[in-house]
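Here the structure comes first, spelled out in structure tokens, and everything after it is commentary.
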Amino acid sequence: MKKLLKPLIASTLLIACSSVYAQSYSADRVNKTLNIMDDNKDNKVKFDEYFEETFTDNKDSFDVNKDGYITSGEIVLEIKEDLIQTINEMRKQGVSEKNINKTIANELKTAEKEAEALIQKMDADGDNLVEPNEIKKFKQAQFDALDKNNDGALSSSDIGSAATNKAPSKGYSVVPYNPS
């Protein structure tokens with residue numbers, strides 16, 4: 001089961017940390033995603049465009065109370081919300097209640113550890129709060145991991161190569177986001 005399903009970006013893909021494996025996507029899907037992020041329509045997504053789309057304008061970010069900080073408690077809430085969506089999808093697909101209950105138990109058992117691990121990745125000063133400057137630094141690391149040719153901009157070739165990597169660099173991977 002995918003971990004940390006709540007989107008960090010309001011587009012057709014998501015850059016996520018930990019426990020999610022890269023998947024392949026069509027060039028059309030990658031280009032649509034880049035087009036959404038590309039505010040100035042120059043066919044490249046610079047960091048400011050990426051950050052704006054993935055955090056600043058994102059109504060679904062982990063910052064539940066919108067105070068500018070992310071805590072492990074907020075991430076646990078998001079994991080639980082995602083679990084509800086996952087359960088509904090599992091039922092639609094005909095998964096047995098026994099297997100659904102196993103999934104629930106496993107996810108609830110690991111939610112706090114996953115949240116704490118994500119906070120540790122993002123929290124540079126160790127205060128268990130992810131402040132805006134730490135969020136920006138973390139998002140820059142995500143951006144840099146996707147910018148395969150290190151030109152300071154994302155293009156379809158950068159994202160395409162990240163999407164097909166089986167072992168994503170720097171602990172990040174590309175995951176489809178289906179706005180529902």
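The values are calculated or read from the model by the stated rules, or taken from the named source; none is laboratory data. Note that the structure is predicted; figures quoted are calculated from it, not measured. Please note: Cβ atoms are built from the backbone with ideal geometry, for glycine as well, and neighbour counts cover all protein chains shown.
Please work out which residue is nearest to Gly73 (Cα to Cα), limiting yourself to the stretch 102-116 and to residues that are within 17 Å of the chain's Cα centre (by Cα) and crowded, with 18+ Cβ neighbours inside 10 Å.
Ala115
Among Thr54, Thr71, which is touching a helix residue (DSSP H, G or I) at 6+ places or on another chain (Cβ under 8 Å), under 30 Å from Ala153 (Cβ atoms), of a type in the set (Ser, Thr, Tyr) and surrounded by 18 or more Cβ atoms within 10 Å (Cβ to Cβ)?
Going through Thr54, Thr71 in turn, just one is touching a helix residue (DSSP H, G or I) at 6+ places or on another chain (Cβ under 8 Å), under 30 Å from Ala153 (Cβ atoms), of a type in the set (Ser, Thr, Tyr) and surrounded by 18 or more Cβ atoms within 10 Å (Cβ to Cβ): Thr54.
Among the residues that make up the stretch 74-86, is at least one of them over 28 Å from Ala145 (Cα atoms), without any contact (Cβ under 8 Å) to a residue 60 or more places away in the chain, part of a helix (DSSP H, G or I) and among the β-branched types (Val, Ile, Thr)?
Looking for residues that are over 28 Å from Ala145 (Cα atoms), without any contact (Cβ under 8 Å) to a residue 60 or more places away in the chain, part of a helix (DSSP H, G or I) and among the β-branched types (Val, Ile, Thr), one finds at least one in the stretch 74-86, hence yes.
Anything in the stretch 117-138 that is in a helix (DSSP H, G or I) and within 14 Å of Tyr69 (Cα to Cα)? List them, or say none.
Passing the criteria: Leu118, Ile119, Gln120, Met122, Pro132, Asn133, Glu134, Ile135, Lys136, Lys137, Phe138.
I need the full set of residues from the stretch 146-169 which are among the small types (Gly, Ala, Ser), at pLDDT below 90 and either within 16 Å of the chain's Cα centre (by Cα) or not in a helix (DSSP H, G or I) (or both), in order please.
Scanning the stretch 146-169 gives Ser155, Ala162, Ala163, Ala167, Ser169.
Since Asp63 meets every condition but one in (1) part of a helix (DSSP H, G or I); (2) of a type in the set (Asp, Glu); (3) buried (at least 17 other Cβ atoms within 10 Å of the Cβ), which condition does it not meet?
Condition (1) is where Asp63 drops out.
In the stretch 82-101, is there at least one residue being at pLDDT below 90 and surrounded by 14 or more Cβ atoms within 10 Å (Cβ to Cβ)?
The answer is yes; a qualifying residue exists.
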